Amino acid sequence: MNYRHAFHAGNFADVFKHAILVGLLESLKAKQTPFCYFDTHAGAGRYDLRGEEARKTREHESGVLRLLHATRLPTPLHIYLNLVRALNDGSSHHDLAVYPGSPLIASLLLRETDRAVLCEMQPEEADKLKALFAGDARVGVHRRDGYAALGALLPPRERRGLVLIDPPFEAQEDEFRAIEEALTGALARWPSGTYAIWYPIKLRQQTLPFLRWFARQKISKTLCAELLLHPDNSALRLNGCGMIVVNPPWKFDHTLEELLPVLRSHLAEGRFGQQRVEWLTAE
Ligand SMILES: C[S@@+](CC[C@H](N)C(=O)[O-])C[C@H]1O[C@@H](n2cnc3c(N)ncnc32)[C@H](O)[C@@H]1O
């Protein structure tokens, strides 16, 4: 386990993932009953953009920084950027000192009665996560394998909620198979949960079997959103990324259709840039 998210915090993939995450959490808040947010691969929760790792790659400069001063944005993106700005209160208008990971973004949006379950296997990252949420009774941090935790902790007592699956994909194509296996068990235990699964796009032939797997499942509704910044024909770089949403909130396809072109227009490199929103299953 060599992956450290600090090298990538705030890059285009984080903007894509976190804007969708905000959209999903805001939809869950439309009902008053409490829900559970379950993060299988939580990371450290908060990243120092002036630290050694982020300074080496400067990935946030072609990610979140490009949107910092954008106006007339779709609501989830607007909320997400407000959270990032609030955490950076006092920093220069053209740079950021810290970037929130998915657990911190979620915790800032959860209500008093909602709950978060965060799993992180890397000891140092898990320690940072524990320190960050030490005073927050709504948040439980587990230093354990997020896939196994799905089998042990689902369904949540609230019976409403969202699972974010955001692995490092160090195992390359094997990670897709690990997600399929974990989801098979999770869906059997909690068929009505909403699941958001992030995936990288390098070569198209690597993602196709994964998308076909969803199409074969007995899930009534599965949405897929993708953002491509480079053609999907090189294994050497992150050409784009996608998010699959199983059991999406009502009209979430409309939310994504509004969001994706805006993300593409701000994050695209040169002339290339594509986005798509598609139903993989729809009863
Ligand atoms: C892409 S990062 C997560 C980023 C985070 N979700 C965010 O959006 O801010 C993936 C994280 O998963 C952790 N990890 C790797 N394998 C894991 C596993 N099997 N269970 C839990 N965490 C794991 C890594 O240490 C890393 O911190």
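The values are calculated or read from the model by the stated rules, or taken from the named source; none is laboratory data. What you see is a predicted model, and the numbers here were worked out from it, not measured in a lab. Ideal geometry is used to build each Cβ from the backbone, glycine not excepted, and the neighbour counts take in all protein chains shown. Note: accessible area is taken over every heavy atom of the protein model, side chains too, but ligands, DNA and RNA are not part of it. Shrake-Rupley method; radii C 1.70, N 1.55, O 1.52, S 1.80 Å.
Tell me whether the stretch 225-281 comes out rounded, prolate or oblate; compute the Cα gyration tensor, take square roots of the eigenvalues as a ≥ b ≥ c, and use a/c under 1.5 as the rounded threshold.
Verdict is oblate for the stretch 225-281.
Only bridges with both residues in the chain count here: give the DSSP antiparallel percent, nearest 5.
Rounded to the nearest five, the antiparallel share is 60 percent.
Taking the Cα centre of the chain as the origin and placing charges on Cβ (Lys, Arg +1; Asp, Glu -1), which of V22, W250, L49 is farthest toward the positive end of the dipole?
Selected residue: W250.
Along each of the three principal axes of the Cα atoms of the stretch 107-251, give the extent in whole Å, ordering the values from largest to smallest.
Cα spread of the stretch 107-251 along its principal axes, largest to smallest: 46, 36, 27 Å.
Treating only the Cα positions of the stretch 1-78 as identical point scatterers, give the base-10 log of I(q)/I(0) from the Debye formula at each q in 0.13, 0.15, 0.25 Å⁻¹.
For the stretch 1-78 at q = 0.13, 0.15, 0.25 Å⁻¹, log10 I(q)/I(0) is -0.50, -0.64, -1.21.
When only the heavy atoms of the protein chains count and the probe is 1.4 Å, how do D39, D95 rank by accessible area, highest first?
Ranking D39, D95 by accessible area, largest first, yields D95, D39.
Dipole magnitude of the chain about its Cα centre, charges +1 at Lys/Arg Cβ and -1 at Asp/Glu Cβ only, in debye to the nearest 20?
520
Accessible area of K221, 1.4 Å probe, to the nearest 10 Å²?
80
Please list 136-144, 271-279 highest first by mean number of surrounding beta-carbon atoms within 10 Å per residue.
136-144, 271-279
Can you give the accessible area per residue of the stretch 150-264, in Å², using a 1.4 Å probe?
In whole numbers, the stretch 150-264 has 43 Å² accessible per residue.
Per-residue ellipticity at 222 nm for the chain, helices alone: DSSP H runs ≥ 4 residues times -39500 (n - 2.57), over residue total, nearest 500 deg cm²/dmol?
Result for the chain: -12000 deg cm²/dmol, rounded to the nearest 500.
Would you please calculate the Kirkwood hydrodynamic radius of the chain over all C-alpha pairs and express it in Å, rounded to one decimal?
Across the chain, the inverse of the average 1/r is 18.9 Å.
Could you give the radius of gyration (one decimal) and Dmax (whole number) of the Cα atoms in the stretch 55-193, in Å?
Cα-based Rg and Dmax for the stretch 55-193 come out at 17.1, 48 Å.
What shape does the stretch 180-283 have by the C-alpha gyration tensor, where a ≥ b ≥ c are the square roots of the eigenvalues, rounded means a/c under 1.5, and otherwise prolate means a/b greater than b/c and oblate the rest?
Oblate, because a/c is 1.5 or more while a/b does not exceed b/c.
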